[in-house]
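The values are calculated or read from the model by the stated rules, or taken from the named source; none is laboratory data. Bear in mind that the values here come from a model prediction, so they are computed numbers and not experimental data. FYI the Cβ positions are ideal-geometry reconstructions off the backbone, even for glycines, and counts take in every protein chain you see. We work out accessible area using only protein heavy atoms, side chains counted, and drop any ligands, DNA or RNA first. Shrake-Rupley method; radii C 1.70, N 1.55, O 1.52, S 1.80 Å.
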Amino acid sequence: MLHTSTASFTPVLDADWRNHLSHGDIVMFRFPAAGQPAAARPAARPCLVLDIETVGTRHCAVLVPAFPARRPASSDRSVTLFHRTEYRAVGLDGPTRFPIRSRLLVPLTHAGFVASQTTGTPVIGRLDDDAFERMNAGRGRLHALRDIRADRERDPSPRRRGPQRGRDFTVARRGQRRPIPLSSAPAAHGSS
């Protein structure tokens, strides 16, 4: 899926890339697999930067992992790079899907970012044209849902959907998003 070998990537030493990171960038990150703890050291994989957010005083990135795409997307809940010109332009060597539902909020100082030895940055490419617009449509949907939730939380009037038979409890939704903690394992430093 990756156009270059992951062996040429080392942990990030140069912090300048963090000032220029933006939504639509493709970065190398040690994204944990399903069921795998974030403290484990998974292999570096391409991830789409869906958003840059500030949580408290820390700048964080919302990352979406890359998966091989076997067919064009049938849903607007993923960004699929199916045409050769799209996936080659962002540094990938095969059709790729970024499912927006699989998001991870990480601080930009996280040790999981892995930089190329040649460029010194984890950024391997950037979405363009139609792929960027498809990503923005997904981002817009997420932002709209977040705004709706915030409006409901601010509204003091109780909402009832009708009687809930046999229910003597209330379901509380936990909506606060927190970034994953910084890796406790010391980062291996290599030369750029």
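In table form, for the structure just shown:
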| quantity | calculated |
| --- | --- |
| Scan of segment 96-132 for residues that are under 14 Å from the mean Cα position of the chain (by Cα) and not aliphatic (A, V, I, L, M), ordered by number | 97, 98, 99, 101, 102, 103, 107, 110, 112, 113, 122, 126 |
| From the options 69, 38, residue that is open to solvent by less than 20 Å² (accessible area, probe 1.4 Å), at pLDDT below 90 and not β-branched (Val, Ile, Thr) | 69 |
| Subset of segment 88-106 [over 24 Å from residue 41 (Cβ atoms) and either without any contact (Cβ under 8 Å) to a residue 60 or more places away in the chain or surrounded by 17 or more Cβ atoms within 10 Å (Cβ to Cβ) (or both)] | 89, 90, 95, 97, 100, 101 |
| Selection from segment 94-125 of residues that are over 30 Å from residue 55 (Cβ atoms) and at pLDDT below 85 | 117, 118 |
| Hey, residue 190 open to solvent by less than 40 Å² (accessible area, probe 1.4 Å) and at pLDDT 80 or above or not | no |
| Condition check for residue 109: in contact (Cβ under 8 Å) with a residue 60 or more places away in the chain, under 24 Å from residue 136 (Cβ atoms) and part of a loop (DSSP other than H, G, I, E, B) | no |
| Hits in segment 122-147 - residues which are out of contact with any Gly (no Cβ under 6 Å at 6 or more places or on another chain), open to solvent by 30 Å² or more (accessible area, probe 1.4 Å) and either in a loop (DSSP other than H, G, I, E, B) or more than 28 Å from residue 181 (Cα to Cα) (or both) | 128, 129, 130, 133, 134, 137 |
| Every residue from segment 78-111 that is of a type in the set (A, V, I, L, M) and in contact with a Phe, Trp or Tyr (Cβ under 7 Å, 6 or more places away or on another chain) | 79, 81, 104 |
| From 56, 140, residue being out of contact with any strand residue (DSSP E or B) (no Cβ under 8 Å at 6 or more places or on another chain) and at positive phi | 56 |
| Within segment 96-118, tally of residues that are more than 16 Å from residue 67 (Cα to Cα) and touching a helix residue (DSSP H, G or I) at 6+ places or on another chain (Cβ under 9 Å) | 8 |
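Residues are listed down the side, and each one gets a yes or a no for (1) small (Gly, Ala, Ser); (2) modelled with pLDDT of 90 or more; (3) within 22 Å of residue 118 (Cα to Cα):
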residue	(1), (2), (3)
1	no, no, yes
9	no, no, yes
16	no, no, yes
23	no, yes, no
34	yes, no, no
48	no, yes, yes
86	no, no, no
